[in-house]
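See below for the structure under consideration.
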């Protein structure tokens, strides 16, 4: 694998969360502690969402991530996207990234759809000039022309997803990170979003895709990473999906 062909490198990535919470102080607890020989210690409950994850992604690869709920798939995407900083290890990316992890996360729900197109576009690094140029395209794809001046707080989740997806995909990024967005919205939107993703894929975009739909993984991806308990179990072609299904049937 040539260095110039690599778009993403994950080197010994581990991510730790501390789920323990120190219990709050109370006057009663203070008196109890006064009579204890040992003071109460802060409780710790460390959870490693990712452990020593290593792999590389080549330019143009469409990589699907599978695994049980809580396996660490979404956490991994957030680490690659730069939303989270890993506890250990290094992530290297070579190209601009479009993260579609939580559609609508960058919206101000008090603002209108029109205002949020510009706000969300700015958050994603798009210039006002680019948004001006692509505005009609965004509106047409989202099918929300009649709702442009309605506050987004009055939108259904499907409408929010359509608007966010339309803004996020106005340019073809070098790296696209997708977390289950194809299952959001109505059937017509799912078909449109899948077609848009296929357009990006055929255009050479490198894609990281998390989904619980193995059929979608098999249809869209040419490489599969199986993760359980934060550790990579196997990396290979779509046949890894069948091994995962066999594993799940034995649980």
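Throughout, read-outs are computed from the coordinates displayed, never taken from laboratory work. Here the structure is a predicted model, which is why all the values come from computation and not from measurement. Every residue, glycine among them, receives a Cβ derived from its backbone with ideal geometry; neighbour counts consider all protein chains shown.
Tabulated data for the structure shown
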read-out	value
Separation of the residue 9 and residue 188 label points, Cα + 7 Å toward Cβ, nm	4.7 nm
The chain, helix-only ellipticity at 222 nm - DSSP H runs n ≥ 4, -39,500 (n - 2.57), divided by all residues, nearest 500	-11000 deg cm²/dmol
Region 3-249 - percent relative contact order, Cα under 8 Å, separation 6 or more	27 percent
Degrees separating the helix 239-249 axis from the principal Cα axis of the chain, which is the longest one	40 degrees
Antiparallel content of DSSP bridges confined to the chain, in %, to 5	55 percent
Angle between the chain longest axis and helix 187-202 axis [Cα atoms, degrees, rounded to 10]	80 degrees
Potential lengthening between residue 199 and residue 85 on full extension [0.36 nm per residue; Cα-Cα distance subtracted]	38.0 nm
Cα centroid separation, region 77-109 to region 205-251 (Å)	21 Å
Calculated on alpha-carbon atoms, Rg and Dmax of the chain in Å	21.6, 71
Folded to 0 to 90 degrees: helix 157-168 orientation relative to the chain principal axis, Cα	70 degrees
Nitroxide proxy distance, nm - points 7 Å out along Cα→Cβ at residue 234 and residue 94	2.9 nm
